[in-house]
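Single-structure report; data block below.
The values are calculated or read from the model by the stated rules, or taken from the named source; none is laboratory data. What you are looking at is a predicted structure, and each value in this text was computed from that prediction instead of being measured. Here the Cβ is made from the backbone with ideal geometry for all residues, glycine too, and neighbour counts use every protein chain on show.
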Amino acid sequence: MDNYEIVNNVSNQEFESARFMSLLTSLKYFLIGRNNELLSFEKIKKGFELYKQKYLGVQTIPIDVIVGSFDRYKDFDRYFLPKKVHLQQRWAKIHNLIARDVILPPVKLYKIGEIYFVIDGNHRVSVSKKLGVKYIDSEVTEFITDICITPNMDPKEIFILAEREKFLNITGLKQNRPEIKIRITVPGQYDFLLSQINKLMVQLNENKKADEKLTAFKETSLIWYDHIYLPAIEIIKNYGILEKFPNRTKTDLYVWINEHKRYLSLKYGREVVIKFAAKDFLHRYSKNPFRRFKLRLINLKYRNYKNFYNRKLNE
């Protein structure tokens with residue numbers, strides 16, 4: 001057996017080893033409730049509405065900051081270990097070339113914040129990481145954003161950041177209330193805030209006279225923020241609710257208490273005020289010795305409330 005065949009056999013064995021490591025890592029992440037997938041460039045780009053770009057040329061990039069891919073994010077895990085059997089031939093070929101010290105062209109990357117996505121060269125990045133390579137030559141194009149996105153962020157955090165940016169842009173609050181501190185830790189909850197604003201806009205316009213100008217969405221957003229959201233946050237602060245629910249934000253509690261308010265309104269057959277809902281929420285969940293466990297289940301509970309509420313509407 002010549003040296004080429006030996007190297008080729010080693011490359012195939014390395015692929016099997018890398019794929020097995022990916023399976024173990026995916027199992028581990030599943031058990032702890034985390035995501036082991038690469039980030040999708042298109043999802044991040046769309047979420048942050050990124051269009052302006054700048055060519056940075058060829059640079060030497062730390063491999064650990066490459067956390068996503070343009071179109072192969074389902075083929076590799078978040079550590080760029082191969083997940084699919086059909087990758088073996090290409091992966092082993094690249095491993096063979098690198099093992100024989102063949103110089104390969106730079107990979108092509110997109111940069112967003114402090115993280116990078118592979119446009120071309122997914123297998124090269126994967127093999128290099130498996131071999132313990134720390135840096136890789138890359139041709140880089142940057143998409144401009146002022147949002148701080150770092151490699152050590154969990155994918156969920158990044159998508160929540162994207163949801164927040166979208167919310168602030170749609171409502172105009174980013175420009176009209178630059179001091180705004182709205183922050184949510186649960187994906188999908190910014191849609192709840194948008195639905196509240198939309199409902200308020202409908203109510204305001206229903207009360208307009210025929211010759212009066214309709215209230216626009218961004219104008220409604222300011223009314224909602226100043227006269228609904230901020231007073232509710234004051235209630236949350238005054239009742240000391242935030243201290244009872246560690247690792248949650250004021251806006252998390254605002255959403256949960258409003259969901260609880262809707263549930264109570266259905267239960268009693270009349271609209272309850274936010275103060276009553278806040279007090280009831282505090283009484284139900286803060287004094288329970290299993291509060292932290294209940295906190296993990298609270299979103300599921302509120303989803304059930306939503307389903308119950310929707311069924312009531314359709315009856």
*Say whether the condition of being surrounded by 14 or more Cβ atoms within 10 Å (Cβ to Cβ), among the hydroxyl-bearing types (Ser, Thr, Tyr) and assigned to a helix (DSSP H, G or I) is met by at least one residue in segment 129-146.*
no
*Within the bounds of segment 195-213, is there any residue that is under 23 Å from the mean Cα position of the chain (by Cα), in the same structural domain as HIS260 (by TED's automatic domain parsing) and surrounded by 12 or more Cβ atoms within 10 Å (Cβ to Cβ)?*
yes
*Name the residues in segment 181-194 that are surrounded by 15 or more Cβ atoms within 10 Å (Cβ to Cβ) and either among the aliphatic types (A, V, I, L, M) or in a helix (DSSP H, G or I) (or both), would you?*
ILE182, ILE184, VAL186, TYR190, PHE192, LEU193, LEU194
*Could you identify the single residue in ILE94, ILE61 that is assigned to a helix (DSSP H, G or I), hydrophobic (A, V, I, L, M, F, W, C) and not assigned by TED's automatic domain parsing to the domain that holds LYS166?*
ILE94
*Would you pick out the residues in segment 94-119 that are in contact with a strand residue (DSSP E or B) (Cβ under 7 Å, 6 or more places away or on another chain), touching a residue at least 40 places away in the same chain (Cβ under 8 Å) and not basic (Lys, Arg)?*
PRO106, LEU109, TYR110, ILE112, ILE115, TYR116, PHE117, VAL118, ILE119
*Number of the exception - VAL102 against (1) surrounded by fewer than 17 Cβ atoms within 10 Å (Cβ to Cβ); (2) modelled with pLDDT of 90 or more; (3) not acidic (Asp, Glu)*: (2)
_Can you confirm whether ILE158 is closer than 19 Å to PHE117 by Cβ, modelled with pLDDT under 90, of a type in the set (A, V, I, L, M, F, W, C) and surrounded by 15 or more Cβ atoms within 10 Å (Cβ to Cβ)?_
yes
_Pull out all pairs, ordered by first then second residue, where Cβ-Cβ is under 6 Å, the residues are six or more apart or on different chains, the first lies in segment 151-170 and is more than 17 Å from ILE66 (Cα to Cα), and the second is charged (D, E, K, R) and surrounded by fewer than 20 Cβ atoms within 10 Å (Cβ to Cβ)._
LEU168/LYS174
*In segment 236-251, the residues that are part of a helix (DSSP H, G or I) and crowded, with 18+ Cβ neighbours inside 10 Å*: ILE236, ILE241, LYS250, THR251
